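Right, one structure below, let's go through it.
The values are calculated or read from the model by the stated rules, or taken from the named source; none is laboratory data. All values derive from a computational prediction rather than experimental measurement. Neighbour counts are summed over all protein chains in view; Cβ atoms, including those assigned to glycine, are modelled from backbone coordinates with ideal geometry.
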Amino acid sequence: MNNITDTTSAVFQARGITKVYDMGEVSVHALRGIDMELHSGELVVLLGPSGSGKSTLLNILGGLDTATEGTVTYCGKDLTGASEQELTDYRRYHVGFVFQFYNLIPSLTALENVAVVTEIAQTPMNPEDALAMVGLADRVNHFPAQLSGGEQQRVAIARAIAKKPAVLLCDEPTGALDSSTGIIVLEVLEKINRDLGTATVLITHNADIAEMADRVIHLSNGLISREQRNELRKSPRDLHW
Amino acid sequence: MNVLDRKILRNLWRMKGQAAAIALVIASGVATFIMSISTMQSLKLTQATFYRDYHFAEVFSSLKRAPESLKTRIQEIPGVNRIETRVVTPLNIEVKGFSDPVTGHLYSIPDRGKSLLNKLYLRQGRLVQPFSDDEVVIGEAFAESHDLHPGDEISVVINGRLRELLIVGIALSPEHIYQMPPGALFPDFERYGVMWMGRKTLGTVYDMEGAFNNVSLTVSAGANISDIVDRLDDLLRPYGGLGAYGRKDQLSHRYLSEEFRQLEQMAAMFPVIFLGVAAFLLNVVISRLLSIQRDEIAVLKAFGYSNLDVGIHFTKLVLLIVLAGLILGVSGGAWLGQWMSTIYKEFYRFPFLRYELQPAVVASGAFISIAAALIGTVYSLRKAALLPPAQAMRPEPPATYKETLLERLGLKKILRQPSRMIVRHIGRRPVKSLLTVTGIAFACAIMMVGRFQEDSVDYMVDVQFGLSQREDMAITFIEPTSRRALYELKSLEGVQRGEVFRSVPARLRFGHRSYRTAVQGIESEGDLHRLLNEDLKIVHLPAAGIVLTDHLGEILGVREGDELTVEVLEGRRPVLRVPVAGLISQYIGVSAYMELASLNRLMREGSAISGVYLSTDSDQRPLIFSKLKRMPRIAGTELREKAIENFYDTMGETILIFTFINTLLAGIIAFGVVYNSARIALSERSRELASLRVLGFTRGEISYILLGELAVLTLAAIPVGFIIGQAMCFYITENLKTDLFRIPLILEGSTYAFAATVVLAAACISAFMVRRRLDNLDLVAVLKTKE
C-alpha cells in the first residue's frame, strides 16, 4: 500500500459499513450501513449528536478500527481485511490525525513533535515549514507545557500534515477550545485544505462549523440521515458559536 | 458491601498483575523473616528441651584416675547439684568393609539405676543389661553412617585388647549432638563413634574398678559456674585433672552454639535486608500507583467525600494487597521454617522437633510491612488530596519537560525523537527515576548476598586445605609420645613425608579475657602444615613466643608484643607467660601456634609429640590404613579429603541451604521490582504511546520508547547494585565471624554475573509481559479520553 499515488477521484469509498460492538449480552449497532465517498481536495464535515456513530466512522476510515460488515477502499485499495501491519503502514504514510485533546508528546518540543512523524514518513515536508504553515514559526522550541491549548492543537495539525497525507481526519479538533481559539484552529485547517489540497474530514457536533465545509454529512443513530452540499464555503472567520 | 468497597475489589482485579507482584515482594520479605526467626527459635527451643529433659550436665572434667570416694568431696562444693562419675576410654573400631581408620570413645553408664546426667534417648533396641560384659549401645550418627543395627556385632580395641561387642541399642545423647574426633575441625560421623557400656565391665577392661576418669555435674539455680569449675579443678588436680570446664567449652555444645550463632546472625540479617528492601519497594510502588489515580480521587471529592473518606478508601486498597502478601508470606514462611527445622533436626540429630511460630514474630512482620505500605500511601494521598477537585478533574496540563543536560552537551544531534523521549522522561522526574534505579539496584544487591557465600567458602577451603593444611592425614596419639613414632610411621610403605606436631590443651588468658583451645607446636620449617599471613605468604614461627590466629587475637584483645598467660591443662599443668610474637590469618578454627622445640622446652618434656602429619601415596592408602588400625596408641586419624567433604556437608546442610532459599526469595523480589517499574511506566505513558501508534508508529517502535527507558534504568541500576551488594556482603562477613570459621569477603565475577543475569532476566520477562500489553493498547479509547 505504500505506493498509492492515485489522488484524482475518490480518496475513500465506503459501502454498507456496519459496526457492531459486542458488549456481552447486548450488541450495540454503532453504524448500520453507511455509504459514502470522499474526494480529493474536499472538506467534509461529519455532523451529529454524540452517539450518532461519527467517531466510529472516522476511526474506521483512519484504520484505527475495522468494520463489522461492508467495505472501505482507500484509493482503490481495500482496507477491510488489512492486517495489523498494513493498517500501521496506512496510518504511517497516508493519514493525518488531529484529536480533540491534541495528544502531543509532552517530552518533545513543538518541532520534535512534528519531527517524530517526519522521521518515519516517506516524503515529509520540513518540520519547520509545517509549523510555519500553522503560524507557529516562532514557537518551534517550546514544549507543550509552554503552549496554549490553541497552539497545542496547531502543533498537532502541523504534525498531522507534515507527512503530506492524502487525507486529514480531525475528531472534534475544537472540542477542548474556546470559540475564538477554535476559529484560529479551523482557519489553519481550511488553509491546509485549500493550499495543499488535502482531503479533510472533520467531526463535530457543532452545526455552525458545518458551514465551512464543501459537503456536510448528517449522522444519527448510525445512519446517514441527510447529506448537504454548501454552494459557498464560509470562511471560519465568519463563523460564530 | 458498599459501592466503594466493591470498587476496591474491581480496581484490584483490574490491576491484578501488579497487585500480585507487590504482594509477592511483601510475601518474600515476610517469608524470609518468618522462616529465619521461627527456624532459629524452634532450634533453640528443641535444643533447650532436649538438654533439660535428658539432663545435659553443666560442668565437665576428665582426669587420669580418682577413687569413687572423691565423689562425696565433689558433692560438698557449694552449688553442686547432681554428679555423675564415669569411665571413658578411647578405642579403635573395626567396621567390616570400611578401610579407613575409625576411632571413638566408650562411655560408661550405671549398671544399677538410671543415668543421672547426659541421659540417652533410645532410638532403637534397649539399654545394656546390668553387668553384661559384651553389650554396647552406639550413637545414631555412627550407626547410620555404617548401617549398623541392634543385633550386629562390632569389634573394638580397648586398652590394646580386641573385643567383640554386641550392639543392643542405638541412642542419642545431648552430650554428643556433634561427634568430633580429636584434632578434627569438623564432625566426622563415619570415622568417629561414641558408644556406651556398663560401668562394671568397662571399669574392668580399663583398669578403673572403684575409680573414675570423667565427671560431670549440674549446678543449682543461681550458682556461680566459674567458681564451681575452679573448685572442681582444684579438687581434681592431684588426680591428673585435665581442666574442668563449663558447658560453653563442651565440644559438642560449643560447636552447636557456634553454628546456631551463625544461623542466628543470618536469620537476623537476611530478613532485615529483605524486609527493608521489600518495604522500600512497597513504598515506591504504592505512591506511584496512587499518583495515577488522581482523577478518581478528584471525582470522589467532587461528590462530597472528605479527604479522610478518600484516604480510607485507598488505604483499604493498599491494605488488601499487603494482607494478601502477608498471608502468603506468613504461611509460606511457616512452611519453609518447618521444612528447614526438620532438615536441621535431622542434621543435628535432635530426637524430636519443637517447631514454634510465636505470634510476636508474625506481628512484627505484619507491622513492618503495613507500616511501610501506609507511609507510602499517606504521602501520595496527601499530595492528591491537596489538589482542588476541579483542577484534578481537568485534563492534566502537559507535563513540563526540558532538554536534558545530556542533550545540551551535544548528544541531541545523534538522538532521534524516540530516544529523546526516553532521555527526557528519565530527566524530568529525576527522583522517581532514581527511586526506580535504587529499587532495581537493591534487587541486584540481595541476589549477590544470597550467592557470594559459595565463592567465599570455596576460597576458604582452597586456602585452608590447599595452602595451609596440606598434609593428607593427621594422626593424633592418645597420649604425648616420643619422636620415634614419626620414624615408625615414615617407614610405612607409601608414606612420602612426615612432620610432627604437639598439641597442648590450654586456657589462654589476657586481662580478664580467656579462651580454651590447644597450643599447637609445629616445626617452623615444616612443609606440610604451614601458617599464612593475610597476603597468603608463609609465616615462619619464631624461635620463641606464641603466634595466634587473628580471630583469637580479637577474642583476647591482644596485639603483637603483649604477654599472654597460658594455663596448660595437662600433665603437671604449668602456668606460663608467653609473649605474642605475631598474628596469622586463618579462616577455620581458633588456634595458637608455637615453634615445636620452644613449646617442648616450656613444657619441660624433651621432644614429646602429640601426632604426625603425613603426606602419602594415594595408591598405598588402604595399606597404610590397615597398619594404622593395628597401632593401639592412635586416638584419631583425620584425612584431608574427608575433612573437606565434612566441611562442605556441614556447610551445605546448614548455611548454604539457608542462602539457597534466600536467593530464591531474592529472585522473586527482583522480579517484583522490575515488573512493577515497567507496569507503572506503562500506565503512566500508555496514552502517549497509543497516540504514537495512531500516528503510524509500529508496535516495535513504541515498545522501544517504553522498554528503552526500562533498559536504561536497569542498566544504570546494575552497577549501583554491585556497590550496594558489596557493602551488604561485607556487613555479613563481618557479622558471621565465629570460632568455627570466618568467611572471607570474596566476590567472584560469577557472583556479579549471576546477580546481573537475574535482574536482566527479570527485566526481560517483565518487558515481555509489558510488550504484550503494548500490543493490545486500545487506540480508540485513548483518543477520546483525557489523561
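Going through segment B:128-161 one residue at a time, which ones are touching a residue at least 60 places away in the same chain (Cβ under 8 Å) and aliphatic (A, V, I, L, M)?
If the condition is that a residue be touching a residue at least 60 places away in the same chain (Cβ under 8 Å) and aliphatic (A, V, I, L, M), then B:V128, B:V136, B:V137, B:A141, B:I154, B:V156, B:V157, B:I158 are the ones that fit.
Here are B:V694, B:V720, B:V712: which of them is touching a Gly at 6+ places or on another chain (Cβ under 8 Å), modelled with pLDDT of 85 or more, among the hydrophobic types (A, V, I, L, M, F, W, C) and on the phi < 0 side of the Ramachandran plot? Give the steps one after another, and end with the answer.
Values: B:V720 fails: touching a Gly at 6+ places or on another chain (Cβ under 8 Å); B:V712 fails: touching a Gly at 6+ places or on another chain (Cβ under 8 Å).
After applying the criteria, what remains is B:V694.
Do we have A:P124 as within 15 Å of B:G696 (Cα to Cα), outside any helix (DSSP H, G or I) and in contact (Cβ under 8 Å) with a residue 12 or more places away in the chain here?
yes
I'm trying to understand the selection: among the residues of segment A:170-185, which are under 15 Å from A:V45 (Cα atoms) and within 14 Å of chain B (Cβ to nearest Cβ)?
A:C170, A:D171, A:E172, A:P173, A:G175
Let's see how each residue does on (1) touching a helix residue (DSSP H, G or I) at 6+ places or on another chain (Cβ under 9 Å); (2) in the same structural domain as B:N533 (by TED's automatic domain parsing); (3) within 21 Å of B:P542 (Cβ to Cβ):
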position	(1), (2), (3)
B:V575	no, yes, no
B:A581	no, yes, yes
B:M594	yes, yes, yes
B:A597	no, yes, yes
B:M603	no, yes, yes
B:S607	yes, yes, yes
B:V612	yes, yes, no
B:R633	yes, no, no
B:E638	no, no, no
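Does A:N59 satisfy being within 23 Å of B:A781 (Cα to Cα) and without any contact (Cβ under 8 Å) to a residue 12 or more places away in the chain? Working first, answer last.
Numbers: within 23 Å of B:A781 (Cα to Cα): yes; without any contact (Cβ under 8 Å) to a residue 12 or more places away in the chain: yes.
It is true that A:N59 is within 23 Å of B:A781 (Cα to Cα) and without any contact (Cβ under 8 Å) to a residue 12 or more places away in the chain.
Restricting the search to segment A:93-127, which residues are over 18 Å from A:H142 (Cβ atoms), surrounded by fewer than 24 Cβ atoms within 10 Å (Cβ to Cβ) and among the small types (G, A, S)?
A:A121
Can you spot a residue in segment A:2-24 that is closer than 30 Å to A:G150 by Cα and part of a loop (DSSP other than H, G, I, E, B)?
Initial filter on segment A:2-24 (closer than 30 Å to A:G150 by Cα): A:11-12.
Adding the requirement that they be part of a loop (DSSP other than H, G, I, E, B) leaves none.
The answer is no; no qualifying residue exists.
Answer with yes or no whether B:I440 is away from every other protein chain (no Cβ under 14 Å) and either assigned to a helix (DSSP H, G or I) or within 30 Å of B:Y752 (Cβ to Cβ) (or both).
On the way: away from every other protein chain (no Cβ under 14 Å): yes; either assigned to a helix (DSSP H, G or I) or within 30 Å of B:Y752 (Cβ to Cβ) (or both): yes.
When the stated conditions are applied, B:I440 passes them.
Determine, yes or no, whether B:D133 is within 23 Å of B:F647 (Cβ to Cβ) and not in a helix (DSSP H, G or I).
On the way: within 23 Å of B:F647 (Cβ to Cβ): no; not in a helix (DSSP H, G or I): yes.
No: the conditions fail for B:D133.
Out of segment A:26-72, which residues are among the acidic types (D, E) and either within 14 Å of the chain's Cα centre (by Cα) or within 12 Å of another protein chain (Cβ to nearest Cβ) (or both)?
Here is the first cut: in segment A:26-72, the residues among the acidic types (D, E) are A:35, A:37, A:42, A:65, A:69.
Matches in segment A:26-72: A:E42, A:D65.
So, in segment A:104-128, how many residues would count as being more than 7 Å from every other protein chain (Cβ to nearest Cβ) and charged (D, E, K, R)? Step through it out loud before you land on a result.
Taking segment A:104-128 as the starting set, the residues that turn out to be more than 7 Å from every other protein chain (Cβ to nearest Cβ) are A:109-111, A:113-114, A:118, A:121-128.
Still in the list and also charged (D, E, K, R): A:128.
Matching residues across segment A:104-128 total 1.
Which count do you get for residues in segment B:522-559 that are farther than 16 Å from B:E595 by Cβ and in a loop (DSSP other than H, G, I, E, B)?
Going through segment B:522-559 one residue at a time, the tally reaches 8.
Considering every residue within segment B:627-639, establish whether at least one is without any contact (Cβ under 8 Å) to a residue 60 or more places away in the chain and among the basic types (K, R).
yes
What tally of residues in segment B:476-521 results from selecting those that are polar (S, T, N, Q) and part of a loop (DSSP other than H, G, I, E, B)? Break it down into steps so the answer makes sense when it comes.
Filtering segment B:476-521 down to residues polar (S, T, N, Q) leaves B:476, B:481-482, B:491, B:496, B:503, B:514, B:517, B:520.
Narrowing the set further to residues that are part of a loop (DSSP other than H, G, I, E, B) leaves B:482, B:491.
Summing the residues that are polar (S, T, N, Q) and part of a loop (DSSP other than H, G, I, E, B) in segment B:476-521 gives 2.
State yes or no: is A:A156 more than 9 Å from chain B (Cβ to nearest Cβ), closer than 21 Å to B:A781 by Cβ and part of a loop (DSSP other than H, G, I, E, B)? Before you say what the answer is, go through the steps one by one.
On the way: more than 9 Å from chain B (Cβ to nearest Cβ): yes; closer than 21 Å to B:A781 by Cβ: yes; part of a loop (DSSP other than H, G, I, E, B): no.
No: the conditions fail for A:A156.
Going through B:S220, B:S226 one at a time, which residue ends up being polar (S, T, N, Q) and within 32 Å of the chain's Cα centre (by Cα)? Reasoning before the result, please.
Working: B:S220 fails: within 32 Å of the chain's Cα centre (by Cα).
From the options B:S220, B:S226, the qualifying one is B:S226.
Of everything in segment A:73-103, what is part of a loop (DSSP other than H, G, I, E, B), more than 7 Å from chain B (Cβ to nearest Cβ) and not aromatic (F, W, Y)? Give them in sequence order. Before you say what the answer is, go through the steps one by one.
Initially, segment A:73-103 is screened for residues part of a loop (DSSP other than H, G, I, E, B), giving A:75-76, A:79-83, A:94, A:99-103.
Retained after the next criterion (residues that are more than 7 Å from chain B (Cβ to nearest Cβ)): A:75-76, A:79-83, A:94, A:100, A:102.
Across segment A:73-103, the qualifying residues are A:C75, A:G76, A:L79, A:T80, A:G81, A:A82, A:S83, A:H94, A:Q100.
Do we find that B:E144 is farther than 23 Å from B:E259 by Cβ and either modelled with pLDDT of 90 or more or not in a loop (DSSP other than H, G, I, E, B) (or both) in this structure?
Values: farther than 23 Å from B:E259 by Cβ: no; either modelled with pLDDT of 90 or more or not in a loop (DSSP other than H, G, I, E, B) (or both): yes.
No.
Go through segment B:708-756 residue by residue and tally those that are part of a helix (DSSP H, G or I) and under 25 Å from the mean Cα position of the chain (by Cα). Talk me through it step by step, then tell me what you get.
At the first step, the residues of segment B:708-756 found to be part of a helix (DSSP H, G or I) are B:708-735, B:749-756.
Next, only the ones that are under 25 Å from the mean Cα position of the chain (by Cα) stay: B:721-735, B:749-756.
Matching residues across segment B:708-756 total 23.
Taking B:D207 and the conditions (1) assigned to a loop (DSSP other than H, G, I, E, B); (2) touching a helix residue (DSSP H, G or I) at 6+ places or on another chain (Cβ under 9 Å), which numbered condition does it fall short on, given that it satisfies the others?
Among (1) assigned to a loop (DSSP other than H, G, I, E, B); (2) touching a helix residue (DSSP H, G or I) at 6+ places or on another chain (Cβ under 9 Å), B:D207 violates only (2).
Limited to segment B:199-250, what total is found for residues that are closer than 24 Å to B:V156 by Cβ and of a type in the set (A, V, I, L, M)?
Here the count works out to 6.
Picking from B:V168, B:V157, which residue would you name as being at negative phi and at pLDDT 90 or above?
Numbers: B:V157 fails: at pLDDT 90 or above.
The unique qualifying residue is B:V168.
Could you list, in sequence order, the residues of segment B:45-64 that are of a type in the set (D, E, K, R) and in contact with a helix residue (DSSP H, G or I) (Cβ under 7 Å, 6 or more places away or on another chain)?
As a first pass, look at segment B:45-64 and keep what is of a type in the set (D, E, K, R): B:52-53, B:58, B:64.
Passing the criteria: B:E58, B:K64.
Kindly check whether there is at least one residue in segment B:286-295 that is surrounded by fewer than 19 Cβ atoms within 10 Å (Cβ to Cβ), out of contact with any helix residue (DSSP H, G or I) (no Cβ under 9 Å at 6 or more places or on another chain), of a type in the set (D, E, K, R) and modelled with pLDDT under 85.
Within segment B:286-295 (the criterion being surrounded by fewer than 19 Cβ atoms within 10 Å (Cβ to Cβ), out of contact with any helix residue (DSSP H, G or I) (no Cβ under 9 Å at 6 or more places or on another chain), of a type in the set (D, E, K, R) and modelled with pLDDT under 85), the answer is no, since none of the residues qualifies.
Check whether at least one residue in segment A:26-41 is within 24 Å of A:A213 (Cα to Cα) and not in a strand (DSSP E or B), and report yes or no.
Yes.
Let's see how each residue does on (1) modelled with pLDDT of 90 or more; (2) farther than 23 Å from A:A166 by Cα:
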{"residue": "A:T109", "(1), (2)": "no, yes"}
{"residue": "A:E112", "(1), (2)": "no, no"}
{"residue": "A:L131", "(1), (2)": "yes, no"}
{"residue": "A:P144", "(1), (2)": "no, yes"}
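Applying the selection to segment B:305-344, what residues are more than 18 Å from B:L12 (Cα to Cα), small (G, A, S) and crowded, with 23+ Cβ neighbours inside 10 Å? First the steps, then the outcome.
Applying the first criterion (more than 18 Å from B:L12 (Cα to Cα)) to segment B:305-344 yields B:305-309, B:329-344.
In the following step, the residues that additionally are small (G, A, S) were identified as B:306, B:329, B:331-334, B:337, B:341.
Selection gives B:G329, B:G333, B:G337, B:S341.
Among the residues of segment A:129-147 satisfying the criterion of being in a loop (DSSP other than H, G, I, E, B) and touching a helix residue (DSSP H, G or I) at 6+ places or on another chain (Cβ under 7 Å), which is farthest from the other protein chains (Cβ to nearest Cβ)?
Pass one, segment A:129-147, residues in a loop (DSSP other than H, G, I, E, B): A:134-136, A:140-143, A:147.
Subset that is touching a helix residue (DSSP H, G or I) at 6+ places or on another chain (Cβ under 7 Å): A:134-136, A:140-142, A:147.
On the way: A:V134: 16, A:G135: 20, A:L136: 15, A:V140: 13, A:N141: 9, A:H142: 11, A:L147: 8 Å.
Taking the candidates together, the pick is A:G135.
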